[in-house]
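Engineer: This is the structure, below, for whatever I ask next.
The values are calculated or read from the model by the stated rules, or taken from the named source; none is laboratory data. None of these values were measured; they are calculated from a predicted model. Virtual Cβ from ideal backbone geometry, glycine too; neighbours counted across all protein chains shown. For accessibility, only protein heavy atoms count, side chains too; no ligands or nucleic acids. Shrake-Rupley method; radii C 1.70, N 1.55, O 1.52, S 1.80 Å.
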Amino acid sequence: MTNRYVQMALRLLVAAILLSVGYSKLAAEGMDVMLFERLGMEPHGRIIIGLLEITAGLLMLSPQAASGAFLAVGIMLGAIIAHCTVLGVDVGDGGRHVAMLALVLVSSLLVLYARRRDLPIIGKTLGSGATPDP
């Protein structure tokens, strides 16, 4: 991704969503509690996922955006798998929750690809032979 403004917009979008939903999980809002009860992960799983989402959101706002994107991809894949296997696509909101998960997943994948050379340990291997983004 060569346009750093597009990349920054994606990072801000992902950070805003992750910080918001992470906070709602820590605040024990009704839908989050219900979903994690259905998964059998209430309250510990909800709290851990909320903290991970906040961490990923903050990393997306920092120079460590690649790590934040990597973490966000993992969280979103887990959430989508949970919706496909246990929770269902429509959890009383017409599928908007799953659509938001997909939006964050795709945006995070784009940021992760653009910043892959910044990943700790494996970044140099992934970026070998390629020219760096401006």
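Engineer: In segment 66-91, how many are outside any helix (DSSP H, G or I) and open to solvent by 80 Å² or more (accessible area, probe 1.4 Å)?
Structural biologist: Matching residues across segment 66-91 total 2.
Engineer: Right, another one. Here are some residues: Val73, Val111, Val89, Val106. Which one is without any contact (Cβ under 8 Å) to a residue 12 or more places away in the chain and within 18 Å of Gln7 (Cβ to Cβ)?
Structural biologist: The conditions single out Val106.
Engineer: Please find, among Leu26, Leu18, Leu10, Leu35, the residue that is open to solvent by 70 Å² or more (accessible area, probe 1.4 Å) and either touching a Ser or Thr at 6+ places or on another chain (Cβ under 6 Å) or not polar (S, T, N, Q) (or both).
Structural biologist: So the residue among Leu26, Leu18, Leu10, Leu35 that is open to solvent by 70 Å² or more (accessible area, probe 1.4 Å) and either touching a Ser or Thr at 6+ places or on another chain (Cβ under 6 Å) or not polar (S, T, N, Q) (or both) is Leu26.
Engineer: Quickly run through segment 25-58 and pick out the residues that are within 18 Å of His97 (Cβ to Cβ), of a type in the set (Gly, Ala, Ser) and out of contact with any helix residue (DSSP H, G or I) (no Cβ under 8 Å at 6 or more places or on another chain).
Structural biologist: Correct list: Ala27, Gly30.
Engineer: Just to be sure I understand, how many residues within segment 105-125 are among the β-branched types (Val, Ile, Thr) and open to solvent by less than 70 Å² (accessible area, probe 1.4 Å)?
Structural biologist: Residues in segment 105-125 being among the β-branched types (Val, Ile, Thr) and open to solvent by less than 70 Å² (accessible area, probe 1.4 Å): 1 in total.
Engineer: Another one. Any chance you could count how many residues in segment 1-57 are without any contact (Cβ under 8 Å) to a residue 40 or more places away in the chain and outside any helix (DSSP H, G or I)?
Structural biologist: Looking only at that region, the number is 8.
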